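The values are calculated or read from the model by the stated rules, or taken from the named source; none is laboratory data. Please read these numbers as outputs of a predicted model, since none were measured by experiment. So basically every Cβ, Gly included, is an ideal-geometry build from the backbone, and we count neighbours across all protein chains shown.
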Amino acid sequence: MAQMTFSDIEYGKRKYPTRRDLFLKKMDEVIPWEEWMEQIRPLYTKKNRGRPATEPELMLRLILLQDWYGLSGAACEEAVMDSYAMRTFAGVEFYSGGVPDATTLYRFRRMLNKNGLREKLDRDLNQRMAKEGFRIRRGKSEEALLVRRRAPK
């Protein structure tokens with residue numbers, strides 16, 4: 001675990017967590033990150049030339065933020081730089097690398113789509129959320145929420 005920053009300490013002094021905090025915490029708990037990474041890693045190969053590849057879990061977390069909050073690649077990059085909750089969910093630390101750019105996100109998303117993983121991961125997440133009694137309502141920038149499902153009448 002990384003050393004706490006002054007931002008971490010200050011953010012921890014808030015009166016209550018935001019809806020975004022609660023939503024992202026729930027998603028972090030529900031998603032089987034290691035299981036999903038086992039499916040992605042073989043497709044996300046590191047090349048011996050150029051800059052080192054960004055960790056696939058960070059990339060997937062950013063793609064999910066894009067989807068949940070209706071963000072373009074560039075808007076996601078900025079939102080993560082601006083939002084402590086998003087930065088924490090993604091695991092971005094500015095002193096050790098920062099946020100991947102929009103083109104890198106686009107290429108990662110294209111790789112997921114090309115291999116059918118994006119749909120598969122979406123189905124898996126929706127099933128897991130249904131078991132928890134929730135569904136994800138995707139919205140515009142600040143509206144991604146968990147909505148408790150109503151019991152059938």
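Farther than 30 Å from Pro17 by Cα, surrounded by 12 or more Cβ atoms within 10 Å (Cβ to Cβ) and not acidic (Asp, Glu): is that true of Lys114 in this structure? For Lys114, the condition - farther than 30 Å from Pro17 by Cα, surrounded by 12 or more Cβ atoms within 10 Å (Cβ to Cβ) and not acidic (Asp, Glu) - is not met. Within the stretch 43-63, residues that are farther than 15 Å from Leu105 by Cβ reach partners that are surrounded by 10 or more Cβ atoms within 10 Å (Cβ to Cβ) and at pLDDT 90 or above with beta carbons closer than 7 Å, at six or more positions or on different chains, in the pairs Leu43/Met111; Leu43/Asn115. At positive phi and either out of contact with any Pro (no Cβ under 9 Å at 6 or more places or on another chain) or at pLDDT below 65 (or both): is that true of Gly50 in this structure? Answer is yes for this residue.
When Leu60 is tested against (1) loosely packed, with under 15 Cβ neighbours inside 10 Å; (2) part of a helix (DSSP H, G or I), just one condition goes unmet, and that condition is (1).
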